[in-house]
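The values are calculated or read from the model by the stated rules, or taken from the named source; none is laboratory data. Quick caveat, the model's predicted, so the values are computed rather than measured. Methodologically, a virtual Cβ is constructed for each residue, glycine included, from the backbone with ideal geometry; neighbour enumeration extends over all protein chains shown.
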Amino acid sequence: MGMDVFGQDPKNKKGEYFRNNVWWWRPLWEFCEFVAPELTSMVENGYSNDGDGLDEEDAKELAKVLRKSLRDGTLDNYEQTRTEWLASLPIRPCVHCQATGKRTWYTNPNEPHEYKASLSYDLMEAMMNEKDNEGNGNGQLPNYTLVEKPEGWLEETKECNGCEGTGGQQHWAKNYPFDKKNVREFATFLANCGGFQIC
Ligand SMILES: [Zn+2]
C-alpha cells in the first residue's frame, strides 16, 4: 500500500505525481507538520488516502518551507533528534517466543506440512499491550496457553522465527524511514504540482 500524491495542475513532469509507500509517507508528513503546522492543519487527514490536499498557493508555500529547512539546518537537527530517539527505543520482547528466542512446534509425522506452535496467545491482547508513542500499552507479553500436543505428533524446539533467536524485536517506529532526499523530492513535486491530492 502507498500514498499516491497527484498534481492538480502540474507545471511540468516533476509536478505530476509523487509516491511514497506508507512507511516513507508517515515520517515525511510528520516532518511537514513539524515545520509547517499552519499549512498541514489545512489537510484534514494527511495520513489517509482520501483525496485531501492543498491548493496551488499552499503547496508552493509548503515547498518553500521544506526547502528552507534543508538550507538552514532545521532538517539536519530534526533528523539527528529523530535518529537519537530511535536509538533510545528499547527492544521489545518477542511475542512469538515469550522473549526466550526458542519456540516449540508440534508436527504431524505423516504430514510434514502440518504443524502448530505449542503456545497460543490472544493477538488482540498482544497488540493492546504493545507500547506506542502516545503512552498506550504496558509493554508486557500477553498471557499464553499451552496447546495440547495431538496424539502421535512430534515435538520439536527450534530457534524462534519471529526474532531469529534473539528474544527481542525492533521497536515498530524503526520501520519508518526518513531522509533528506525524500524531503527534497517532495519539495520539488510541491513547487510544480499546482495543488495536490493525496490518494
Ligand atoms: Zn522470538
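When you check Glu130 against the structure, is it in contact with a Lys or Arg (Cβ under 9 Å, 6 or more places away or on another chain), within 16 Å of the ligand (Cβ to nearest atom) and acidic (Asp, Glu), yes or no?
yes
What do you reckon, is His113 at pLDDT below 95, touching a Cys at 6+ places or on another chain (Cβ under 9 Å) and over 30 Å from Glu38 (Cβ atoms)?
Taking the combined requirement at face value, the residue does not satisfy it.
Is it the case, given these coordinates, that Thr74 is surrounded by 13 or more Cβ atoms within 10 Å (Cβ to Cβ) and more than 30 Å from Gly194 (Cα to Cα)?
Against the criterion (surrounded by 13 or more Cβ atoms within 10 Å (Cβ to Cβ) and more than 30 Å from Gly194 (Cα to Cα)), Thr74 does not qualify.
So Glu30 passes all but one of these: (1) closer than 27 Å to Lys174 by Cα; (2) surrounded by fewer than 16 Cβ atoms within 10 Å (Cβ to Cβ); (3) acidic (Asp, Glu). Which condition number does it fail?
In the conditions (1) closer than 27 Å to Lys174 by Cα; (2) surrounded by fewer than 16 Cβ atoms within 10 Å (Cβ to Cβ); (3) acidic (Asp, Glu), Glu30 misses (2) alone.
Name the residue that is nearest to Lys174 (Cα to Cα), counting only residues in region 82-108 that are more than 16 Å from the ligand (Cβ to nearest atom), among the polar types (S, T, N, Q) and surrounded by 13 or more Cβ atoms within 10 Å (Cβ to Cβ).
Thr107
Across region 141-150, which residue is farthest from Asn108 (Cα to Cα) among those that are assigned to a loop (DSSP other than H, G, I, E, B) and without any contact (Cβ under 8 Å) to a residue 40 or more places away in the chain?
Within region 141-150, the match that is farthest from Asn108 (Cα to Cα) is Asn143.
So Gly135 passes all but one of these: (1) within 16 Å of the ligand (Cβ to nearest atom); (2) in a loop (DSSP other than H, G, I, E, B). Which condition number does it fail?
The one condition Gly135 does not meet is (1).
Can you pull out every residue in region 155-165 that is out of contact with any His (no Cβ under 6 Å at 6 or more places or on another chain), of a type outside the set (Asp, Glu) and either exposed (fewer than 11 other Cβ atoms within 10 Å of the Cβ) or at pLDDT 95 or above (or both)?
Thr157, Lys158, Gly165
Which ones in region 141-150 are within 16 Å of the ligand (Cβ to nearest atom) and among the hydroxyl-bearing types (Ser, Thr, Tyr)?
Passing the criteria: only Tyr144.
What pairs come up if the first residue lies in region 18-33 and is part of a strand (DSSP E or B), the second is of a type in the set (Asp, Glu), and their beta carbons are under 6 Å apart, counting only those six or more places apart or on different chains?
Listed by first residue and then by second, the contacts come to Arg19/Asp4.
Looking at region 134-151, is at least one residue of a type outside the set (Ser, Thr, Tyr), buried (at least 16 other Cβ atoms within 10 Å of the Cβ) and within 22 Å of the chain's Cα centre (by Cα)?
Yes; the residues of region 134-151 include at least one that is of a type outside the set (Ser, Thr, Tyr), buried (at least 16 other Cβ atoms within 10 Å of the Cβ) and within 22 Å of the chain's Cα centre (by Cα).
Just give me the residues in region 151-199 being within 16 Å of the ligand (Cβ to nearest atom) and either assigned to a loop (DSSP other than H, G, I, E, B) or on the phi > 0 side of the Ramachandran plot (or both), in sequence order.
Within region 151-199, the subset within 16 Å of the ligand (Cβ to nearest atom) is 156-172.
Correct list: Cys160, Asn161, Gly162, Cys163, Glu164, Gly165, Thr166, Gly167, Gln170, His171.
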